[in-house]
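Values in this text are rule-based calculations from the coordinates and carry no lab data. Keep in mind it's a predicted model, so treat the numbers as computed, not measured. Note that each Cβ is placed from the backbone with ideal geometry, even for glycine, and that neighbours are counted across all protein chains shown.
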Amino acid sequence: MHEISLVQGLFQQLKELAKANKSSRITSITMEIGPLSGVVVDSFRFGFDILSADDGLVQGAKLIVEIPSVTYTCTECGHKETTAEKKPGECQKCGELFLIPEGGEELILRQVEME
Amino acid sequence: MCETCGCPSPSDHSNSKTIDVHTSLFAANDAIAKANREHFDKTGIVALNLISSPGSGKTTLLEHTIEALKGEINIGVIEGDIETEKDAERIRAKGVPVIQLTTGGACHLDASMTHKGFHRLEKEEGGDAIDLLFIENVGNLVCPSSFDLGEHERVVLVSVPEGPDKPAKYPRAFISSHTFVVTKTDLLPYFDFPVAEATGDALHLNPRLKTMALSATTGDGMEAWLCYLRELVTEMKVNRS
């Protein structure tokens, strides 16, 4: 459950952003959470809900989560497949089992709306 | 009507603004990890981050590794645990510099703890002449895999009693690692652990993974592990000369 400490890191960033922009209330946060980031979206949301309830700046803010896609390259024929869903079990072209993922490890704060 | 959310009062949003940020939540950790790695490179230290479930035999493997490489490679150890000095005491008994990091509840080490830990280690006897640094992470196959500590290689371990399904169940640890070690192979006669299935699943997730299987207690398979460590240390020395 490292998601809580990641949410704490997020709140630290939000605090600095709010200060720099002279804002006292954040209304919406957009995050990009890659399927290979090791972060469970539900746990992240859970941490966000719990911590934001006690945080004057973030209280009531909307958390929008976007899942970026991953490109899997076949080690045999080089075929590339891009998906934000589960890793394909095999190459769709040649059936090879070994596919190398690219991307999908991101945990990015993309956009913040504040008042 | 307000265009932002459809509420009937546009004035409520007159002060609202949208800011594009695009920074990673790992950015702060990654920056410290990078500085750690640069420091290790500068001082010629190979750093390994050991990740596994509790009880997979990380400390036992380290004890036997220290014995086997005594007089050949100077080893230093950073032990990560939630509580107690027990692991550090076991390693200290082998006569190498070691410090214990207790996270006090946190389920993983991060780059900042590693940074502080390493500077403490440097002050220990022999801590200024380390060739090979083992960072034994908190026993957990999930959270440690998301935090770069500044290591050169990440080693994930699974012991035979845990079962062969760990790579399939905890993919991130295997995707982010360089090396996969099956430990306690002396117990293979008593458990249903097809080594080929476990390593096959791991390679399916990460085709670049180096794999090995060993028993620290009997010494079976240890030579491949020791060769791997020797090669890393030699490579570091060659790169620096």
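For a quick check, take a GNM of chain B with Cα springs below 10 Å and name the residue from B:THR23, B:THR65, B:THR179 with the largest mean-square fluctuation.
B:THR23
Going by Cα centres, region B:169-184 and region B:33-55 are how many Å apart?
If we compute the Cα centre of each part, the gap is 17 Å.
Measure nothing fancy, just the Cα-based angle from helix A:41-53's long axis to the longest principal axis of chain A, in degrees from 0 to 90, nearest 10.
Orientation of helix A:41-53: about 0 degrees from the principal axis.
To the nearest 10 degrees, how steeply does helix B:111-123 sit against the main Cα axis of chain B, on a 0 to 90 scale?
Tilt relative to chain B: about 40 degrees.
By how many degrees, 0 to 90 and rounded to 10, does the Cα axis of helix B:58-68 deviate from the longest principal axis of chain B?
Around 40 degrees separate the two axes.
Is there a simple number for the mean count of other chain Cβ atoms within 10 Å of the Cβ of residues in A:86-94, and what is it?
Mean inter-chain Cβ contacts per residue within 10 Å come to 1.
Report P(r) for region B:27-234: all Cα-Cα distances, bin width 10 Å, range 0 to the bin holding the largest distance, values in whole percent.
For region B:27-234, the binned pair fractions read 9, 37, 39, 14, 1 percent.
For chain B, calculate the relative contact order in percent as a whole number, restricting contacts to Cα pairs under 8 Å that are 6 or more residues apart. Walk me through the numbers on the way to the answer.
Working: 429 pairs, mean separation 52.6, N = 241.
For chain B, the relative contact order is 22 percent.
Would you mind giving the average projected area, over all directions, of the Cα convex hull of the protein assembly as shown in nm² with one decimal?
21.4
So for chain A, Kirkwood radius off the Cα pairs, Stokes-Einstein at 10 °C and 1.306 mPa s: how many µm² s⁻¹?
101
Which entries in B:LYS58/B:LYS184; A:LYS86/B:LYS169; B:LYS123/B:LYS237; A:LYS15/B:LYS17; A:LYS19/B:LYS17; B:LYS70/B:LYS184 show an alpha-carbon gap greater than 18 Å?
B:LYS123/B:LYS237; B:LYS70/B:LYS184
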